[in-house]
Amino acid sequence: MSAGVVIIGAGHAGGSTAAFLRQYGYKGEITLIGDEPHLPYQRPPLSKAWLKGEASGDDLYLRPQAFYDEADIAVWLERRVEAIDTVDKTVTIDGEQIVYEYLILATGSKARPFGCPGAKDTPYHMLRTIADAEWLKPQLTEGRRIGLIGAGYVGLEVAASARKLGCEVTVFEREPRILARVASTVLSQAFTGIHRTNGVDLITGADVVSVSAEGELRRVHMADGVVHDFDVLLVGIGALPADDLAQAAGIACQNGIIVDHEARTSAADVFAIGDVTSREVKPWFEGRYRLESVPSALEQAKQAAAAITGFKAPPPEVPWFWSDQYDYKLQIAGITRPGAKLVTRGDPQTGAFSVFHLNDRQQVICVECVNRPADFMAGKQLIQKAVAVEDAFVADAEASLKPYLQTPR
Ligand code: FAD
């Protein structure tokens, strides 16, 4: 069998790049292979609107089956690619070889394994897929006790959704503050307050020594001897790149598949996009990053499709991300760096504020905005243009940031 472009992984990145290929004029065969039983869908609502019953199942899908039929994109679901051969230019699936002209790896990330003592004998759950979410949703009823290990964005969103549905929620975070690796101290403190005010028992610096089960009970044992009992135990301790196939094929990987600004890997005609990649964020940041976000997946989906079709390359985008918890819309642009100066705009106590991160040249490198969408829009552009700002001006929540946006780069 032969196929023009073969895409491994029918998630947000894979599904999007198939559509961009057609949009950019690709006329060859496109085969999109995914191991889940679903057409490409969005994961963000699984911990937010969909979990709370505020979005329907149909809302999750990027596009209906009719789109793929009309665009002549072959979608193979519940099929898992077993191997890649970058010399013969084939992928192996169910023992059969498929020839590709171009290969796009969009295999995403996988949940970091939970190595806590007792985990093997304790039923616990994670939230990554529709299947996980379909299991979880009916569990979140009034009065149910939910234990959550790990206070990352997904865990905190589930905590907020579960509280909205009337559950009793306890969150265990090993670090001294929530979101320690990805957010400023100001943001961590604000969201700690928000969760506690909304009735979450949020335990930071939590020393969980083991977990266990007794009948329907799930137990979390702390170093000080305290034992917490739950009806449901959820674990969200981060994700790892699903780069096993690439590694086995000899494609360069380091915390994900290494790609350039066109989403090209170290192997000829092989691209990688989305959560599985380790990418640069030029010209704004040094180093490589694994950005687990929808905007990054979409940006790279465009890059790969443009490189394959010869379509105009998309301009680089400042990375951004969002999270919804209770009535708070958090939007973040840029990347948090250790040592950045923090300037807070607005009062975190009011629930509408922003944190501007400045480098040693006073340039904005990151903005974290809570219920301040205008700051987010302006902040993203300030990062884009590498504009230097004054602390006092940024700190004045009433002062418009527009004058800075007119500054030529
Ligand atoms: P995925 O969407 O994970 O798709 C990868 C697919 O490849 C999977 O279906 C996987 O099963 C499949 N696959 C892997 N290996 C193979 C193989 N060998 N053969 C066939 N198929 C394979 N991002 C935001 O920006 N904002 C948010 O608010 C947000 N909320 C989120 C909430 C949740 C609950 C989760 C789980 C994620 C959230 N994210 C959010 C992250 C966002 O969903 C991801 O960044 C995005 O899905 C990445 O797309 P992807 O295509 O790289 O990976």
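Among the listed pairs Lys52/Lys302; Lys27/Lys385; Lys164/Lys329; Lys27/Lys312; Lys329/Lys380, which have their C-alpha atoms separated by more than 25 angstrom in this model?
Numbers: Lys52/Lys302 32 Å; Lys27/Lys385 37 Å; Lys164/Lys329 15 Å; Lys27/Lys312 17 Å; Lys329/Lys380 16 Å.
Beyond 25 Å: Lys52/Lys302; Lys27/Lys385.
Roughly how many whole Å is it from the C-alpha centroid of the range 233-271 to that of the range 129-152?
When both Cα centres are located, 29 Å separates them.
Have a look at Gly238, Gly25, Gly15 and tell me which one the Gaussian network model of the chain (Cα, springs below 10 Å) gives the largest fluctuation.
Highest fluctuation among the options: Gly25.
With the alpha-carbon atoms as the only input, what is the per residue convex hull volume for the chain in Å³? Walk me through the numbers before you get to the answer.
Working: hull volume 62.1 nm³, N = 409.
Dividing the Cα hull volume of the chain by its residue count gives 152 Å³.
Just to be sure I understand: with springs between alpha-carbon atoms less than 10 Å apart, which residue in Asp224, Asp327, Asp35 has the highest mean-square fluctuation in the Gaussian network model of the chain?
In the Gaussian network model the winner is Asp224.
Among Glu214, Glu173, Glu101, whose mean-square fluctuation peaks in a Gaussian network model of the chain (Cα, cutoff 10 Å)?
Glu214
Applying a 10 Å radius around every beta-carbon, put 266-274, 40-48 in order of their mean neighbour count, most first.
266-274, 40-48
Please compute the Kirkwood hydrodynamic radius of the range 67-192 from all pairs of different C-alpha atoms, in Å with one decimal.
Across the range 67-192, the inverse of the average 1/r is 18.6 Å.
Rounded to the nearest 500, what is the 222 nm mean residue ellipticity of the chain from helices alone, with -39500 (n - 2.57) per DSSP H run of 4+ residues and division by all residues?
Value at 222 nm, helices only: -6500 deg cm²/dmol.
Hey, could you pull the Cα Rg and Dmax for the range 369-409, both in Å?
9.7, 28
Of the accessible area of the chain, with the probe set at 1.4 angstrom, what percent is carbon plus sulfur? Don't jump to the answer; show the numbers that get you there.
Details: 9130 of 18220 Å².
C and S atoms contribute 50 percent here.
Accessible area per residue for the chain in Å², computed with a 1.4 Å probe and the full protein assembly in place, what is it? List each step's numbers first, then the result.
Values: 18220 Å² over 409 residues.
Roughly 45 Å² per residue, with all protein chains present.
With +1 on each Lys and Arg Cβ and -1 on each Asp and Glu Cβ, and nothing else charged, work out how big the dipole of the range 113-235 is about its Cα centre, in Debye to the nearest 20. Don't skip to the answer; put the middle values down first.
On the way: 13 positive and 15 negative charges, 70 e Å.
Once rounded to the nearest 20, the dipole reads 340 debye.
The values are calculated or read from the model by the stated rules, or taken from the named source; none is laboratory data. Worth saying up front: this structure is predicted, and the values here are computed from it rather than measured. Cβ coordinates were reconstructed from backbone atoms using ideal geometry, including for glycine residues, and neighbour counts include every protein chain displayed. Ligands, DNA and RNA are excluded from the accessible area calculation, which covers all protein heavy atoms including side chains. Shrake-Rupley method; radii C 1.70, N 1.55, O 1.52, S 1.80 Å.
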